[in-house]
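Have a look at the structure below before the remarks.
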Amino acid sequence: MCNICYDCGALITMVGCISGPCLATVLDWFCKIATVVIAAFNIIYAVKLDLFKNKKDSEKEERARRMNLLKTIVFDNTLSQLYVFFEKLKDALERLRSSNVDKKEVETELQSLFYVFGDSFTIYLKAADCSLGQKLGDLTDQLRDNLVEKIGDEGINLYVEHVFNDSIKAPYDEYRRQVIALLFGYRGAS
Amino acid sequence: MKSKDNIIYLEDFRITIGKTKSKVFTGRDRGEEVRSSSNIDELYKQYGSVKVIIPADIFSITPSFLEEFFYNIVTNYGLDEFRKNVTIEPNGYKIEIPLEEGIQRILQRKTALDK
């Protein structure tokens, strides 16, 4: 329990009496130390904030650079291949609507189309951004595997309209959607 | 089971549902599974060569399957050795395109891992 002596302003504590002038000195030192500590903290905070901001800016610039280069080096030269692939694949699959179609021929054509697509588009994407290219490769593989399984299954009558739509058209449409979403969602980092 | 010595009949590894046998070999998971159950890596190591026989009524084999099936042989022994010592009897199936694509993928993966 502390009290202040109203005559001399000294602080009276359990262990003794701290005189007025001495108390002022202690408080003064405390104030100075606190000022130095607060200033130091402010400097550290300012430096950390600056470093953090610089890092964020660099990351943003790097992502923008990557997106620009992807556009210039890859998309400007190869994006048309993607749409050519979509169209040629659609044409090949449409043949399955006929009950007379030679499915083996269609399968051979599909293998060739997928191969050319991988060689003319996916490979460049992988070179620019391995993860993005791999995701596209996985989506394409899933579609290919799905299609050949359905086409090769003799129990599935693809010449029936709704069977074709469910087994062939729907996966094809979903694939196109996923590919465009993947490319559109690219933010320069995967 | 027809496979013996260093001859692998893919017929032995077809998925069967009831009386229906699958006419396709697709997917990396399946490729890995057949690689393991056929023991192709060990057979190649033991005999120095392997022959793979494709069933006559197979409809499709996709590169994702072949990529995993042959992955260890190509990466451990190299492409030249693979072409010299791995024989594939296609039995009418046009395997050239999916096989080439599968091999290219193995080499691309290997290059990426080597970096």
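Between residue B:56 and residue A:84, the FRET efficiency from the beta-carbon distance, with R0 = 45 Å, is close to 0.85.
Applying 1/(1 + (r/R0)^6) with R0 = 22 Å to the Cβ-Cβ distance of residue B:47 and residue A:154, what FRET efficiency is obtained, to the nearest 0.05? Result of the calculation: an efficiency of 0.05. What does the C-alpha gyration tensor say about the overall shape of region A:136-190? Classify as rounded when a/c is under 1.5, otherwise prolate if a/b is larger than b/c, or oblate. Note, shape of region A:136-190 comes out oblate.
Inverting the pair-averaged 1/r between distinct Cα atoms of region A:40-190 gives 17.9 Å as its Kirkwood hydrodynamic radius. Report the accessible surface area buried between chains A and B, summing both sides, using a 1.4 Å probe on protein heavy atoms only, in Å² rounded to the nearest 100. Buried area between the two chains comes out at roughly 1700 Å². Translational diffusion coefficient of region A:61-108 at 4 °C, 1.567 mPa s, Stokes-Einstein with Kirkwood Rh over Cα pairs, in µm²/s as a whole number. Estimated diffusion coefficient is 97 µm²/s. Helix B:28-38 axis versus longest C-alpha principal axis of chain B: approximately 80°, rounded to the nearest ten. Between region A:38-100 and region A:117-152, what is the C-alpha centre distance in whole Å? Going from one Cα centre to the other spans 18 Å. Starting from the Cα of residue A:103, draw a straight line to each of the lysines and keep only those under 26 Å, dropping any in the same chain fewer than 8 residues away. The reachable lysines, counting only those whose Cα sits under 26 Å from residue A:103, are A:88, A:90, A:150, A:169, B:19, B:21, B:23, B:94. Under a Gaussian network description of chain A, with springs only between Cα atoms under 10 Å, the residue in A:104, A:32, A:150 that fluctuates furthest is A:32. Calculated accessible area for region A:122-190 comes out at 49 Å² per residue, all protein chains present (probe 1.4 Å; ligands, DNA, RNA ignored). When a 1.4 Å probe is rolled over the protein heavy atoms, the share of accessible surface on chain B that falls to carbon and sulfur comes to 49 percent. When a/c is below 1.5 the answer is rounded, else prolate if a/b is larger than b/c, else oblate, so apply that to region A:30-72 with a ≥ b ≥ c taken from the square roots of the Cα gyration tensor eigenvalues. Since a/c reaches 1.5 and a/b is larger than b/c, the shape of region A:30-72 is classed as prolate. Contact order for region A:90-190, expressed relative to its length and based on alpha carbon pairs under 8 Å spaced 6+ residues apart, stands at 32 percent.
Between residue A:61 and residue A:161, the modelled labels are 6.0 nm apart [label points 7 Å from Cα along Cα→Cβ]. Just the protein heavy atoms count here, and of the accessible area of chain A at 1.4 Å, carbon and sulfur take up 62 percent.
Scanning residues 5 or more positions from residue B:89 or on other chains, those with amide H under 5 Å from its amide H are B:52, B:53, B:54, with H placed 1.01 Å from N in the peptide plane. Taken one residue at a time, the phi angles of region A:36-53 give Karplus couplings (6.51, -1.76, 1.60, θ = phi - 60°) of 5, 4, 5, 5, 4, 4, 4, 5, 4, 4, 5, 5, 4, 5, 5, 4, 4, 5 Hz. Gly and Pro are set to x. The calculated 222 nm mean residue ellipticity attributable to helices in chain A amounts to -23500 deg cm²/dmol, summing -39500 (n - 2.57) over DSSP H runs of n ≥ 4 and dividing by all residues. Compute the long axis of helix A:103-117 from its Cα atoms, compare it with the longest principal axis of the Cα atoms of chain A, and write down the angle in degrees, 0 to 90, nearest 10. With rounding to tens, the tilt is 40 degrees. Using C-alpha pairs below 8 Å separated by at least 6 residues, the relative contact order for chain A is 19 percent. Note on residue A:68 and residue A:112: the extension gain reaches 12.7 nm, defined as 0.36 nm multiplied by sequence separation minus the Cα-Cα distance. Taking the inverse of the mean 1/r over every pair of distinct Cα atoms in the protein assembly as shown gives a Kirkwood hydrodynamic radius of 24.4 Å.
The values are calculated or read from the model by the stated rules, or taken from the named source; none is laboratory data. Remember, it's a predicted structure, so these values are computed and weren't measured experimentally. As a convention, Cβ positions derive from the backbone with ideal geometry for all residues, glycine included, and neighbour counts pool all protein chains shown. Please note that ligands, DNA and RNA were not included when accessible areas were found on the heavy atoms of the full protein model with its side chains. Shrake-Rupley method; radii C 1.70, N 1.55, O 1.52, S 1.80 Å.
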